[in-house]
Ligand code: AHR
């Protein structure tokens, strides 16, 4: 897709530049001779004085046209936004900023859990540096223990005295030995330390409804049941809250290679019997609020067969069972499986291809939403994008089963594009979980023994915190086009939202890897008095933070101008910027 005015401007500019260069080049053929009392100018091509004068006039004219054309080119890099605060949209549910922490590689072990005897500063075995960093993100929910791992996890192996827990094999991820040291109580401790809500995925593939029901009872029962007593004996008399229950994971693949109909039968049984017993979560009929939401397995490819089956069943649900959400998994894997894009030391080709590929999320959501809309026009059932993010090639020298990758400014831009897509789909998409939290795939944090580094994606999540539960505000703009090597991307992306205290937030992503863009925004329904901005960019598309150089990519303040109620700022190439506007 080409942006016509932009191409025309470029063509005019190039023609003028060429003309000017030719004129000057021809004029430079003059040679001066001094012979006696007479000085005479002749030209290497033998032309006369009159011809030379004509050329100079042409050159001056050329310069004039050139200077007229230059602003045209500059105007090419201006994007006008119209923000309309008089038409507030839905709430951007804070749960779309959720995270995913699977028992995979060094995601839990080393990334979160180092054990109470570690020399790495910790609280009851959980890293203090990681907790402090995550608290800043106000992580709304954490999905655990998987992923593929969930369908082979047997929770009883992960409770009680740690030195008595059995060692098992993590056959989902690299056949490594699992000490089971990080079990339910450690996960809940972590959740409480970072101030989040648990999203627990139960084992449908190799477990039973009874096992899952007892796990929920262990975690949530307040009454003196045997399982509540067992939890108290393990040091936790108070029942935990579980915000979300995942009924299996990718049951069409690693979760048991089931057909949609087979899964739907199991889904009903799990929904019926796997209950949250926390009095505060029993639901309004029992005097509680804050009910646990049950999320069914959904699709991982754009076809809609699975969603059809789940939603068709839901339409006929009875008092005996219900679900509140259907999950959707989609990773950005630009070259297909197995993932092969490098996560470090790459160029513009990989940058544009990856961003192009991530934008498919919008179409994927639309397809699934259309099916959900047939059975649930009132949008009672949420679409839970509980695995998303960039899946690149494993880092050289790492265990390929540990899914270790670097995280660059490209990934930060990819994150903002997806968060913006979710915001635009807020009516249906009310939960999402980036994969994954620490040391795995597109993570927030990388650790190496006692060292920790925050990734560019971490900073995007931090900058977006004010969008949690804000009200979506429409923004109209012509994004323009950035093209590299035949791959075209929208030059910019933008969303806006209003926060409870009346502030307006504006996010601008500049996908253009090479040029800054000047943003010029008019606003209806808000009189802007002042504004401040924060921006994240890198010197190159593959800029990263490393343990040796952890602050290469950090948010910096951005200069924003408000004049006559209009806002203007220039955003750097390959950047994510958030402006907060005070009314
Ligand atoms: O996030 C890694 C894996 O990707 C998850 O375990 C699985 O659900 C998905 O295929």
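The values are calculated or read from the model by the stated rules, or taken from the named source; none is laboratory data. Given the structure is predicted, the values throughout are model-derived calculations rather than measurements. As a convention, Cβ positions derive from the backbone with ideal geometry for all residues, glycine included, and neighbour counts pool all protein chains shown.
Within 22 Å of residue 92 (Cα to Cα) and touching a residue at least 40 places away in the same chain (Cβ under 8 Å), is that true of residue 511?
no
Filter the range 543-568 for residues that are in a loop (DSSP other than H, G, I, E, B) and within 17 Å of the chain's Cα centre (by Cα) and give the result.
Within the range 543-568, 553, 554, 555 meet the criteria.
Working carefully through the options 171, 184, find the one that is within 15 Å of the ligand (Cβ to nearest atom), in contact with a helix residue (DSSP H, G or I) (Cβ under 8 Å, 6 or more places away or on another chain) and over 17 Å from residue 111 (Cβ atoms).
171
In the range 301-357, what count of residues is obtained for those that are more than 15 Å from residue 485 (Cβ to Cβ), part of a helix (DSSP H, G or I) and either within 17 Å of the chain's Cα centre (by Cα) or within 16 Å of the ligand (Cβ to nearest atom) (or both)?
Number of matching residues: 1.
Of all residues in the range 120-132 being in contact (Cβ under 8 Å) with a residue 40 or more places away in the chain and in contact with a strand residue (DSSP E or B) (Cβ under 8 Å, 6 or more places away or on another chain), which is nearest to the ligand (Cβ to nearest atom)?
Per the criteria, the residue is 130.
Just one of the numbered conditions (1) part of a helix (DSSP H, G or I); (2) over 16 Å from residue 362 (Cα atoms); (3) within 16 Å of the ligand (Cβ to nearest atom) is not true of residue 440; which one?
Failed condition: (1).
Before we move on, is residue 539 closer than 28 Å to residue 446 by Cβ and surrounded by fewer than 18 Cβ atoms within 10 Å (Cβ to Cβ)?
Judged against the criteria, residue 539 is a match.
Among the residues of the range 133-155, write down those that are away from the ligand (no atom under 14 Å from the Cβ) and either assigned to a loop (DSSP other than H, G, I, E, B) or surrounded by 17 or more Cβ atoms within 10 Å (Cβ to Cβ) (or both).
133, 134, 136, 137, 138, 139, 140, 141, 154, 155
Take residue 383 and tell me if it is more than 14 Å from the ligand (Cβ to nearest atom), touching a residue at least 24 places away in the same chain (Cβ under 8 Å) and assigned to a helix (DSSP H, G or I).
no
Output the residue which, of all residues in the range 340-370 that are in contact with a helix residue (DSSP H, G or I) (Cβ under 8 Å, 6 or more places away or on another chain) and farther than 22 Å from residue 512 by Cβ, is surrounded by the most Cβ atoms within 10 Å (Cβ to Cβ).
Checked the range 340-370; the qualifying residue surrounded by the most Cβ atoms within 10 Å (Cβ to Cβ) is 368.
Can you name the condition, by its number, that residue 462 falls short on among (1) within 21 Å of residue 106 (Cβ to Cβ); (2) outside any strand (DSSP E or B); (3) more than 16 Å from the ligand (Cβ to nearest atom)?
Only one criterion in (1) within 21 Å of residue 106 (Cβ to Cβ); (2) outside any strand (DSSP E or B); (3) more than 16 Å from the ligand (Cβ to nearest atom) is unmet by residue 462, namely (1).
As an exercise: evaluate residue 539 against (1) under 17 Å from the mean Cα position of the chain (by Cα); (2) closer than 16 Å to residue 515 by Cα and give the number of the one condition it does not meet.
With respect to (1) under 17 Å from the mean Cα position of the chain (by Cα); (2) closer than 16 Å to residue 515 by Cα, residue 539 is out only on (1).
Here is a yes/no grid of residues against (1) modelled with pLDDT of 95 or more; (2) over 29 Å from residue 250 (Cα atoms):
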site	(1), (2)
71	no, yes
82	yes, yes
88	yes, yes
100	yes, no
117	yes, yes
138	yes, no
145	yes, no
156	yes, no
160	yes, yes
